Amino acid sequence: MYDEVYRKLRKSGKIPKEAHRYAFKFCRKVEKKLRFLDDAIDALQVVNRIIDYFDPNVSINANLAVLDNYISAEQEYDKKTQVLREIDYIEDLIDEARELGDFDTVRELENELRKLKLELKRLEKEKRIVKKKYKVYSEATPLFLKELPKLRDYQLEALNSWLGRRKGIIVLPPGTGKTIIGLHTIKNLGRNTLIVVPTVELLRQWLRELRKYFNNVGCFYGENKDIGVITVTTYASLIRHKGLLLYFDLVIFDEIHHLAAPKYSEVLEKLDGKAVLGLTSTPEREDNRHTLILSRIPVVYRRHFKDLRSWLSEVEVVPVRVKLDEEEKKALKKIERKIRYVSGLLYSFSEEDEDYRDIIRVLMNLSTIKRIFLSEVKSKIEKAVKLAEKHFSERVLIFTESIKSCELIARKLREESINAQPYHSFHKPLLRLWGRDFNVLVAVRCLDEGLDVPACKIGVLVSSSKSMRQLTQRLGRLLRPYQNTKAVLYALYATLDEWRTVTRLKALAFER
């Protein structure tokens, strides 16, 4: 069996050459564990789980602890967790029966669901009685694999501000260690913890960090339904399985501004009686729905770039003007005429009208088309390539708005013998290889939010939206301390609107 695990690990591309011997030793130890699996456990599923979460940067024992957690989670659940799983399963069946129009089945399933919820209430009542009788006031504390990193001064201030209320949002710029504050919160409270993130990439990032320091870490999304003392899920999974909240006393929302979206905001109604920590760099939203969150979960700590000067790099925003050719000018004017026309239609409706919302959606689509168009103009592609060539020996991060321009820039750089990798929804190279196997990373919007990206000091902004959140995230990529040097962000612009975006960036950089 260990040969199969080792072969799949090698094929997955997760193991650098220098870690092959380490992985081989790890797989030999895995084989001993797999011999003692219950018949009910699918060994192949365990192998796939090993490959998903194997991390060559931590000790063999830490990787084995992840495996132990998974096997024990599959073999044994308490009664409450079993009931929660059954509730989630029945709710999914009800949704499917409704879609098929089978309302007799819906009624039967709803009766079964009521029974399960009564059983859950009974278990909750028993749990409260036991707590009162024996004075057990908290859940079992997670097992620690090793000590957490020490908090910086501002991180400790943020944690103490939150602990004073146990419900609130911490607002810090990108790259200032919001995740580590979350880890210390878990350790301080020692309660069953649910961490909610917007994307699968962020989910995996949290899992990697958690499994360095804690045991009994679960993952609840897609086909993975492993509930641990600490569990990571996505906003989309939580909205489908809202019963999951019943199992946890502490809920951490990473990038909490997502919670204001109409499809997620109903979760806010189910947080009463729980400790809630929100983490974000920009809680404000363009649609002003952030007020819905702030009315229930206030900001308890906020710091800007300028407040953390001693912890962040200096960054200079360098405007770089490029010119459009005649065909590009005509195409851009055509897009802008459509935007002006659609904008004019807004005055005919009130904000409550359905037509008003439809027009807003059309306007947003047109704005996206304009951004994508401006990211693909020839002069910008050429200038981005030249700037990357100028800094070919350093780690360079290029931001763009379309997969086409992302791939094109990376290809042109490779033609110039500069190893560049595109990063978008269909191609995601290992970020830990950046600066070692390749120096230039060309990224679309999927790198804008939340993900831990290695520090770099050279950035090129090919195109961007006017969103303050996106500008903050992109500037934050260059603010992590890097070899005590000044960071430079080249901002390409071809229109007056883009120049205004550059001035907003310069103001952000000056504020720090």
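The values are calculated or read from the model by the stated rules, or taken from the named source; none is laboratory data. On a predicted model such as this, the values are computed, not experimentally measured, just so you know. Glycine also receives a Cβ, built like all others from the backbone with ideal geometry; neighbour counts cover every protein chain displayed.
Scanning region 359-397 for residues that are over 27 Å from Arg337 (Cβ atoms), of a type in the set (A, V, I, L, M) and assigned to a helix (DSSP H, G or I) yields a total of 4. Screening Ile335 with (1) in contact (Cβ under 8 Å) with a residue 12 or more places away in the chain; (2) within 30 Å of Leu431 (Cβ to Cβ); (3) not charged (D, E, K, R) gives one miss only, at (2).
Scanning region 206-235 for residues that are in contact with a strand residue (DSSP E or B) (Cβ under 7 Å, 6 or more places away or on another chain), within 23 Å of His258 (Cα to Cα) and in a helix (DSSP H, G or I) yields Trp206, Leu207, Leu210, Tyr235. Given the criteria of a type in the set (A, V, I, L, M) and in the same structural domain as Ala410 (by TED's automatic domain parsing), does Val320 qualify? Yes: the conditions hold for Val320. Residue-level analysis places Asn419 outside the set of residues that are in contact (Cβ under 8 Å) with a residue 40 or more places away in the chain and over 16 Å from Ser375 (Cβ atoms).
When restricted to residues that are in a helix (DSSP H, G or I) and surrounded by fewer than 22 Cβ atoms within 10 Å (Cβ to Cβ), region 185-205 contains 8. Within region 260-291, which residues are in a loop (DSSP other than H, G, I, E, B), of a type outside the set (Ser, Thr, Tyr) and more than 24 Å from Ser161 (Cα to Cα)? Once the filter is applied, which keeps residues that are in a loop (DSSP other than H, G, I, E, B), of a type outside the set (Ser, Thr, Tyr) and more than 24 Å from Ser161 (Cα to Cα), region 260-291 yields Ala261, Pro262, Lys263, Glu286, Asp287, Asn288, Arg289. Any residue at all in region 409-431 that is at pLDDT below 85 and assigned to a helix (DSSP H, G or I)? Within region 409-431, one or more residues are at pLDDT below 85 and assigned to a helix (DSSP H, G or I). All of (1) on the phi > 0 side of the Ramachandran plot; (2) at pLDDT 75 or above hold for Ile87 with one exception: (1). Being under 25 Å from Lys370 (Cα atoms), surrounded by 14 or more Cβ atoms within 10 Å (Cβ to Cβ), at pLDDT 85 or above and outside the structural domain of Ile369 (by TED's automatic domain parsing) holds for only one residue in Val396, Val442, Val502, and it is Val442. Being part of a helix (DSSP H, G or I), within 12 Å of Pro198 (Cα to Cα) and touching an Asp or Glu at 6+ places or on another chain (Cβ under 8 Å) is the filter here, so list the residues in region 239-259 that pass it. Scanning region 239-259 gives Ile239, His257.
No other residue among Gly228, Gly218, Gly278, Gly273 is surrounded by fewer than 20 Cβ atoms within 10 Å (Cβ to Cβ) and of a type in the set (Gly, Ala, Ser) apart from Gly273.
Any residue in region 153-164 that is at pLDDT 85 or above, hydroxyl-bearing (Ser, Thr, Tyr) and outside any loop (DSSP other than H, G, I, E, B)? Within region 153-164, one or more residues are at pLDDT 85 or above, hydroxyl-bearing (Ser, Thr, Tyr) and outside any loop (DSSP other than H, G, I, E, B). Applying the criterion of being among the aliphatic types (A, V, I, L, M) and touching a strand residue (DSSP E or B) at 6+ places or on another chain (Cβ under 9 Å) to the residues of region 236-258, the residue that is surrounded by the most Cβ atoms within 10 Å (Cβ to Cβ) is Ile252.
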